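Report on one structure; see the data block that follows.
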Amino acid sequence: MKRGFIRVLYGDCTLPDSNLRKEIDVIIDNPIQTDYLAYIYGKANYDYLMSRGVNCKLVDERPFVWDKAIGLRHKIESYRIAMEDDGYDQIAFLDWDTVLVKPVPSNLWERMMEKKEIQACLYTLKQFMSPWRGIHKIGSGARTGLNSNFLYMRDKTYPSKIIAIWDTIKDWDYQRNFQDNDEIATMLFIDKMYGKWIGKEEWLKYHEPIFARVTKKCSYTKEEKDISECCFVHRWAWQKI
């Protein structure tokens with residue numbers, strides 16, 4: 001069984017003072033490491049990461065294949081490439097601001113199989129994140145969705161299905177532009193699988209990853225979610241872990 005961690009890089013990381021470059025350097029310089037494959041858009045990005053010893057695959061020499069306004073489409077494409085083209089049976093996608101804070105346990109992949117085929121941390125925002133659930137209905141979960149800083153999958157059909165949903169949401173008009181949001185498409189995909197929003201309790205049981213957590217806007221209290229085994233932490237730029 002082929003399984004592993006993946007990241008994706010598009011845009012321009014060659015400017016030393018850019019936030020993207022800072023996030024990447026934090027990951028590379030972190031004394032706690034695990035193997036991952038980085039899918040790269042942009043020859044300059046590829047050359048920099050290769051010079052830093054990162055395991056890379058150059059997807060396209062252009063830094064953007066999709067317009068910058070819908071840049072997160074590159075992220076979903078990395079899921080598809082990993083599972084359809086490169087033959088991964090299990091992947092865990094990591095954002096560049098997802099930091100490893102303690103060593104990955106040797107049984108991580110087996111433990112991930114204890115829950116559903118797709119897993120991600122749940123968070124709740126002030127704006128509508130899942131508006132199809134009913135923006136005027138209290139308790140509908142319209143402000144709650146998944147955070148794809150750590151996204152686990154073990155079904156090879158899921159990436160293309162998420163891409164198909166992405167293509168349907170470009171004309172939505174709520175409080176924000178939903179076209180450039182991979183999390184919206186992925187959350188809607190899961191809701192469609194169930195035919196409904198399953199709620200926080202069921203999400204915690206079946207889709208909330210054991211080994212990852214968010215440090216901002218988490219939908220669960222410390223009492224609700226056990227974070228003792230979390231080794232991957234999503235941190236905003238201004239946060240310390």
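Overview of results
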{"read-out": "Qualifying residues in the stretch 64-87 (those that are crowded, with 21+ Cβ neighbours inside 10 Å and touching a Lys or Arg at 6+ places or on another chain (Cβ under 9 Å)) - the one nearest to residue 233 (Cα to Cα)", "value": "78"}
{"read-out": "Qualifying helices (runs of 4 or more DSSP H) (wholly inside the stretch 1-102; at least 2 residues being under 24 Å from residue 120 (Cβ atoms))", "value": "19-29, 73-80"}
{"read-out": "Hits in the stretch 221-241 (condition: surrounded by 10 or more Cβ atoms within 10 Å (Cβ to Cβ), at pLDDT 90 or above and part of a loop (DSSP other than H, G, I, E, B))", "value": "224, 225, 226, 227, 229, 230, 231"}
{"read-out": "Residues that are within 20 Å of residue 234 (Cα to Cα) and of a type in the set (Ser, Thr, Tyr), drawn from the stretch 98-131", "value": "98, 123, 124"}
{"read-out": "Residue 137 at pLDDT 95 or above, farther than 23 Å from residue 69 by Cα and either charged (D, E, K, R) or part of a loop (DSSP other than H, G, I, E, B) (or both)", "value": "no"}
{"read-out": "Residue list for the stretch 204-219, filter: in contact with a strand residue (DSSP E or B) (Cβ under 7 Å, 6 or more places away or on another chain), crowded, with 19+ Cβ neighbours inside 10 Å and either part of a loop (DSSP other than H, G, I, E, B) or free of Cβ contacts under 8 Å to residues at least 40 places away in the same chain (or both)", "value": "207, 208, 209, 211, 219"}
{"read-out": "Residues (closer than 17 Å to residue 14 by Cα and buried (at least 16 other Cβ atoms within 10 Å of the Cβ)) located in the stretch 32-56", "value": "38, 39, 40, 41, 42, 45, 46, 48, 49, 54, 56"}
{"read-out": "Residues of the stretch 1-31 classified as closer than 28 Å to residue 110 by Cβ and either of a type in the set (Gly, Ala, Ser) or buried (at least 19 other Cβ atoms within 10 Å of the Cβ) (or both), total", "value": "6"}
{"read-out": "Pair list, Cβ under 6 Å, 6 or more apart: the stretch 29-56 residue over 18 Å from residue 93 (Cα atoms), other residue β-branched (Val, Ile, Thr) and part of a helix (DSSP H, G or I)", "value": "52/28"}
{"read-out": "The stretch 87-119: number of residues that are of a type in the set (Asp, Glu) and closer than 26 Å to residue 192 by Cβ", "value": "4"}
{"read-out": "Cβ-Cβ under 7 Å pairs, at least 6 apart or on other chains, the stretch 72-98 side touching a residue at least 24 places away in the same chain (Cβ under 8 Å), far side in a loop (DSSP other than H, G, I, E, B) and among the acidic types (Asp, Glu)", "value": "72/180"}
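Per-residue answers, yes or no, for (1) in contact with a His (Cβ under 9 Å, 6 or more places away or on another chain); (2) within 23 Å of residue 153 (Cα to Cα); (3) aliphatic (A, V, I, L, M):
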position	(1), (2), (3)
33	no, yes, no
36	no, yes, no
43	no, no, no
47	no, no, no
50	no, no, yes
53	no, no, no
57	no, yes, no
70	no, yes, yes
81	no, yes, yes
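The values are calculated or read from the model by the stated rules, or taken from the named source; none is laboratory data. Keep in mind the model is a prediction, meaning the values are calculated, not measured. Reconstructed Cβ throughout: ideal geometry from the backbone, glycine too, with neighbour counts over all protein chains shown.
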